[in-house]
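The values are calculated or read from the model by the stated rules, or taken from the named source; none is laboratory data. Note that this is a predicted model, so its numbers are computed, not measured. Note that we place each Cβ from the backbone using ideal geometry, even for glycine, and neighbour counts take in every protein chain shown. Ligands, DNA and RNA are excluded from the accessible area calculation, which covers all protein heavy atoms including side chains. Shrake-Rupley method; radii C 1.70, N 1.55, O 1.52, S 1.80 Å.
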Amino acid sequence: MTSPPEDRPSVISEDDRDAAVRRLQEAYVEGHVSHEEMDEHLHQVLTAKTHSQLASALASLPAESPGTTSTIAAASGRIQRRGAWRVPRTVKVESAFGRVQLDLSRAIIEHPVVDIELQLGTGRAKITVPRDAIVDFEDLRTGWKPTLYKPSRHAGSGSGGPTIRISGAIGFGRLKIRHARR
C-alpha cells in the first residue's frame, strides 16, 4: 500500500505563465536584464511546471511595483468586468443603483492579494473568484441581506491561489461570491 503524496506541487496555468513572460518582457524593456539573461529566464518560465519553479525563474528580477488602484463607477446601470482583464492590486467599485458583476475566473491576477472595495447603494453584486482563491469579506458591511458565499474545497489547499479581500458597504442589495468551476 502506498501513502498519498504530501503537499503535491501545484501546476501552473497558462495565465500564470503569460503573466511571468510579461514581467520578464517589462524587466528587459526597462534594462534590468540583458538579452542573454532574458533568453535564459524565458526558457525557465516556458519550461516551468510548478509555481515554485516559476518563482525561482523570476527571483532575480527587481521587486514588482505595489500596483495601482482602479476605480470603476456608475450612477446607475451595470458594471461588468469579465474575460482576461488585468486586475489591479486594489479595485474600488462605486454604484448608486444597478448591478455589479466582477468575474476574476479568467482574469490576469499578478498580485498575491487583491483588495476589492465595494460602495453600493441599491442593487446586486456578484463576484466570481478563481477556483483556488481564498476569500475574506469580514470588512464588508451589508445593510439589508447577508452575503452569500460557500467556500470552495480547493481554496487555500496550498495551490498558491490569490487572496481576495472584499470590504466596503452595500445598502439595499446582496453580494454573491462564488468560486469558478474550472
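Would you pick out the residues in region 23-51 that are at pLDDT below 80 and under 23 Å from residue 182 (Cβ atoms)?
Once the filter is applied, which keeps residues that are at pLDDT below 80 and under 23 Å from residue 182 (Cβ atoms), region 23-51 yields only 51.
Any chance you could count how many residues in region 122-152 are open to solvent by 30 Å² or more (accessible area, probe 1.4 Å) and either part of a strand (DSSP E or B) or closer than 15 Å to residue 84 by Cα (or both)?
So the answer is 11.
Assess whether residue 107 counts as being aliphatic (A, V, I, L, M) and in contact with a Ser or Thr (Cβ under 9 Å, 6 or more places away or on another chain).
no
Sort out which residues of region 9-18 are in a helix (DSSP H, G or I) and farther than 17 Å from residue 40 by Cα, and write them in order of number.
Selection gives 14, 15, 16.
For (1) touching a residue at least 60 places away in the same chain (Cβ under 8 Å); (2) under 18 Å from residue 163 (Cα atoms); (3) touching a strand residue (DSSP E or B) at 6+ places or on another chain (Cβ under 6 Å), each residue gets a yes or a no:
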residue: 35; (1), (2), (3): no, no, no
residue: 91; (1), (2), (3): no, yes, yes
residue: 111; (1), (2), (3): no, yes, no
residue: 117; (1), (2), (3): no, yes, yes
residue: 126; (1), (2), (3): no, yes, yes
residue: 136; (1), (2), (3): no, yes, yes
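Write out, first by first residue and then by second, each pair whose Cβ atoms fall under 7 Å of each other, whose residues are 6+ apart or on separate chains, and whose first residue, in region 44-58, is touching a residue at least 40 places away in the same chain (Cβ under 8 Å) and open to solvent by less than 70 Å² (accessible area, probe 1.4 Å) while the second is part of a strand (DSSP E or B) and small (Gly, Ala, Ser).
none
Looking at (1) open to solvent by 30 Å² or more (accessible area, probe 1.4 Å); (2) of a type in the set (Gly, Ala, Ser); (3) not in a strand (DSSP E or B), which one does residue 83 not meet, given that it meets all the others?
Evaluating residue 83 over (1) open to solvent by 30 Å² or more (accessible area, probe 1.4 Å); (2) of a type in the set (Gly, Ala, Ser); (3) not in a strand (DSSP E or B) leaves (1) as the failure.
Considering every residue within region 94-110, establish whether at least one is in contact with a His (Cβ under 7 Å, 6 or more places away or on another chain) and either open to solvent by less than 80 Å² (accessible area, probe 1.4 Å) or more than 19 Å from residue 174 (Cβ to Cβ) (or both).
no
Within region 156-182, can you find the residues that are within 15 Å of the chain's Cα centre (by Cα) and either open to solvent by less than 30 Å² (accessible area, probe 1.4 Å) or at pLDDT 90 or above (or both)?
Hits for region 156-182 are 159, 161, 162, 163, 164, 165, 166, 177, 178, 179, 180.
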